[in-house]
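Colleague: Questions regarding the structure given below will be posed in turn.
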Amino acid sequence: MQITVVGTGYVGLVTGTCLADLGNRVLCVDVDPAKIALLERGEVPIYEPGLKELIQDNVAAGRLAFTTDVAAGVAFGEIQFIAVGTPAAADGSADLSQVLQAARNIGRHMTDFKVVVNKSTVPIGTGEQVAGILREEIAQRGVTASFAVVSNPEFLKEGAAIADFMRPDRIVLGADDTPEGQRALALMRRLYAPFNRHHERTRVMDVKSAEFTKYAANAMLATRISFMNELANLADRVGADIESVRQGIGSDPRIGYSFLYAGTGYGGSCFPKDVQALAHTARSHGQKLRVLEAVESVNDEQKSVIARKVFERYGERLEGRTFALWGLAFKPNTDDMREAPSRGVIAALARAGARIRAHDPVAMEQARAALAEDFRAEPALLQRVEFVRHPMDAVKDADALVIVTEWKAYRSPNFGLIKAAMREPLIFDGRNLYEPQDMQQAGFTYVGIGRGTRASTE
Ligand code: UDX
């Protein structure tokens, strides 16, 4: 099949590349000439394991190409995926300008039947808005061209995006019960047929329910995380271990093990934005989603849990102290710094006068840029942060080691060497990577999240 993907961000690139790898011909369109030039040189603007190679293979096989030419993009694909950004506006609502512009461009240039697929996470009702724009543009040109708008939300996780795309749990398709909608659905089913060989993974529903499904999934997962974080904070107070509790409840199939890890709060490009957007949608319909609003405020507080534990230990002035910090990206296997908890930790420690020596296996460049942004009004704080090439360079003469992201490389370090290098053997572990007992045996004071261990009661 011939497919056009509008937007070469995270979702667009992964979608386009994977669909090409399945044997389709895919043209990816972006308005940013620098990005397209980069992709044409075989380089990739984001870090995602396996993506670069997959792009290069499919470009070489003639199945994948890139362009800034909007009209060529519209002419190319019978199916037009819209996979552009929907950043949060100041009031928490999703900013739809890029989605609506993409729809306008399709409407302006289309001459025959098009399936317009919303892949971006868009508020409930956006499908109708997109259809309205297409109708308007087509009417203005006085041509007759039919179309159907399909909602096909994406559930891929950064760092595992290709595997998630190629082995989906489910494929959600929202379409209207009209002849065009059914024609579109038939095409979409053909496109996704390779995923349905063993059993049917497609869930067909109306457009609004499909849009809702994406938000409901992310809101549910974010809720589990915030709830576990609250329980972890209580476990610290009562002296219980949240890791044992997690396993104790996860074994109940009604609960399950995933997304029950307490930590430093959720970050990234999806959960924070989608939780806000769904709460906003509800408010604009006269309903307050009380649970979800609590999920968000618990998460905001959880992002400073490590700093609170550090202050509990040393007081709020940290002049003369140096902290090693492992992990900058919002989660492992990505260089994404959006809403990364490390940013808040660094800001709090630096403002209190500490020096920070930070390491991340891939996100250091992005972290530098993110911190420059965060400290724009107080650039002197940047001088307190040093980026080091090796995790061991960070711990040298450090008062404590702070772990913010659970990269594999940090899971089994040489504790003997770390202890010898540090001023004091103290670890604040925001991701519960180690067992408190093992750490005690290794001679460390160990402060996890909800492990019933507190730095001030060593
Ligand atoms: C998420 C959804 O999982 C995905 O389906 C959707 O398409 C986009 O949003 P992503 O943001 O890439 O994916 O990361 P994910 O692995 O879901 O983690 C999100 C955040 O939650 C991270 O900050 C992570 O550290 C945190 N998290 C996750 C926890 O704190 N505890 C957990 O148990 C799981």
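Colleague: Looking only at segment 189-204, how many residues end up being in a strand (DSSP E or B) and open to solvent by 50 Å² or more (accessible area, probe 1.4 Å)?
Modeller: Filtering segment 189-204 for residues in a strand (DSSP E or B) gives 202-204.
So of that shortlist, the ones also open to solvent by 50 Å² or more (accessible area, probe 1.4 Å) come out as 203-204.
Within segment 189-204, residues that are in a strand (DSSP E or B) and open to solvent by 50 Å² or more (accessible area, probe 1.4 Å) number 2.
Colleague: With respect to the numbered conditions (1) farther than 21 Å from PHE271 by Cα; (2) at pLDDT below 95, which one is the sole condition not fulfilled by PHE147?
Modeller: Checking PHE147 against (1) farther than 21 Å from PHE271 by Cα; (2) at pLDDT below 95, the one that fails is (2).
Colleague: State which residue is surrounded by the fewest Cβ atoms within 10 Å (Cβ to Cβ) when the search covers only segment 136-150 and only residues that are over 11 Å from ALA184 (Cβ atoms) and in contact with a strand residue (DSSP E or B) (Cβ under 9 Å, 6 or more places away or on another chain).
Modeller: In the first step, residues of segment 136-150 are kept if they are over 11 Å from ALA184 (Cβ atoms); the result is 136-145.
After this cut, where a residue has to be in contact with a strand residue (DSSP E or B) (Cβ under 9 Å, 6 or more places away or on another chain) as well, the list is 138, 145.
On the way: ILE138: 19, ALA145: 15.
Among them, the one singled out is ALA145.
Colleague: Would you please list the contacts, defined by Cβ atoms under 7 Å and residues six or more apart or on different chains, that run from a residue in segment 66-95 that is among the small types (Gly, Ala, Ser) to a residue that is in a helix (DSSP H, G or I) and open to solvent by less than 20 Å² (accessible area, probe 1.4 Å)?
Modeller: Filtered contacts from segment 66-95: ALA83/GLY12; ALA83/THR15; ALA88/ALA277; GLY92/ALA277; GLY92/ALA279; SER93/ALA277; ALA94/ALA277.
Colleague: Filtering segment 151-185 down to residues that are among the hydrophobic types (A, V, I, L, M, F, W, C) and open to solvent by less than 20 Å² (accessible area, probe 1.4 Å), which residue is nearest to THR213 (Cα to Cα)? Spell out how you get there, then give the answer.
Modeller: Within segment 151-185, the subset among the hydrophobic types (A, V, I, L, M, F, W, C) is 155-156, 160-163, 165-166, 171-173, 175, 184-185.
Next, only the ones that are open to solvent by less than 20 Å² (accessible area, probe 1.4 Å) stay: 161, 165, 171-173, 175, 184-185.
Values: ALA161: 19, PHE165: 17, ILE171: 11, VAL172: 8, LEU173: 10, ALA175: 13, ALA184: 20, LEU185: 18 Å.
The qualifying residue nearest to THR213 (Cα to Cα) is VAL172.
Colleague: Restricting to segment 222-256, count the residues that are near the ligand (Cβ under 9 Å from one of its atoms) and hydrophobic (A, V, I, L, M, F, W, C).
Modeller: Here the count works out to 3.
Colleague: I'd like the full set of residues that are over 12 Å from VAL150 (Cβ atoms) and without any contact (Cβ under 8 Å) to a residue 12 or more places away in the chain, limited to segment 179-195.
Modeller: Restricting attention to segment 179-195, the residues satisfying the condition of being over 12 Å from VAL150 (Cβ atoms) are 179, 190, 193-195.
Within segment 179-195, PRO179, ALA193 meet the criteria.
Colleague: Among the numbered criteria (1) within 16 Å of the ligand (Cβ to nearest atom); (2) without any contact (Cβ under 8 Å) to a residue 60 or more places away in the chain; (3) not acidic (Asp, Glu), which one does LEU371 miss?
Modeller: With respect to (1) within 16 Å of the ligand (Cβ to nearest atom); (2) without any contact (Cβ under 8 Å) to a residue 60 or more places away in the chain; (3) not acidic (Asp, Glu), LEU371 is out only on (1).
Colleague: Another question, then. Given the conditions (1) at pLDDT 95 or above; (2) open to solvent by less than 60 Å² (accessible area, probe 1.4 Å); (3) of a type in the set (Asp, Glu), report the number of the one that ASP300 does not fulfil.
Modeller: ASP300 satisfies all of (1) at pLDDT 95 or above; (2) open to solvent by less than 60 Å² (accessible area, probe 1.4 Å); (3) of a type in the set (Asp, Glu) except (2).
Colleague: Out of everything in segment 117-146 that is assigned to a helix (DSSP H, G or I), touching a Ser or Thr at 6+ places or on another chain (Cβ under 9 Å) and not hydroxyl-bearing (Ser, Thr, Tyr), what residue ends up being nearest to the ligand (Cβ to nearest atom)? Spell out how you get there, then give the answer.
Modeller: Kept after step one, since they are assigned to a helix (DSSP H, G or I), are these residues of segment 117-146: 126-141.
If we keep only those that are touching a Ser or Thr at 6+ places or on another chain (Cβ under 9 Å) as well, we get 126-127, 138.
Adding the requirement that they be not hydroxyl-bearing (Ser, Thr, Tyr) leaves 127, 138.
Working: GLY127: 18, ILE138: 32 Å.
So the residue we want is GLY127.
Colleague: Taking the stated definitions as given, is ARG313 more than 23 Å from the chain's Cα centre (by Cα) and either closer than 24 Å to ALA340 by Cα or open to solvent by 50 Å² or more (accessible area, probe 1.4 Å) (or both)? Lay out the reasoning, then the answer.
Modeller: Numbers: more than 23 Å from the chain's Cα centre (by Cα): yes; either closer than 24 Å to ALA340 by Cα or open to solvent by 50 Å² or more (accessible area, probe 1.4 Å) (or both): yes.
When the stated conditions are applied, ARG313 passes them.
Colleague: Would you pick out the residues in segment 269-295 that are touching a residue at least 24 places away in the same chain (Cβ under 8 Å) and among the charged types (D, E, K, R)?
Modeller: Within segment 269-295, LYS273, ASP274 qualify.
Colleague: So which residues in segment 257-297 are open to solvent by less than 30 Å² (accessible area, probe 1.4 Å) and away from the ligand (no atom under 16 Å from the Cβ)?
Modeller: ALA279, THR281, ALA282
Colleague: For segment 323-345, what are the residues that are surrounded by 24 or more Cβ atoms within 10 Å (Cβ to Cβ), over 11 Å from the mean Cα position of the chain (by Cα) and within 23 Å of GLY85 (Cβ to Cβ)?
Modeller: Within segment 323-345, LEU328, PRO341, SER342 qualify.
The values are calculated or read from the model by the stated rules, or taken from the named source; none is laboratory data. None of the values given here were measured: they were computed from a predicted structure. All Cβ positions, glycine included, derive from the backbone under ideal geometry; neighbour counts span all protein chains shown. Protein only, heavy atoms only, side chains kept; ligands, DNA and RNA dropped before computing areas. Shrake-Rupley method; radii C 1.70, N 1.55, O 1.52, S 1.80 Å.
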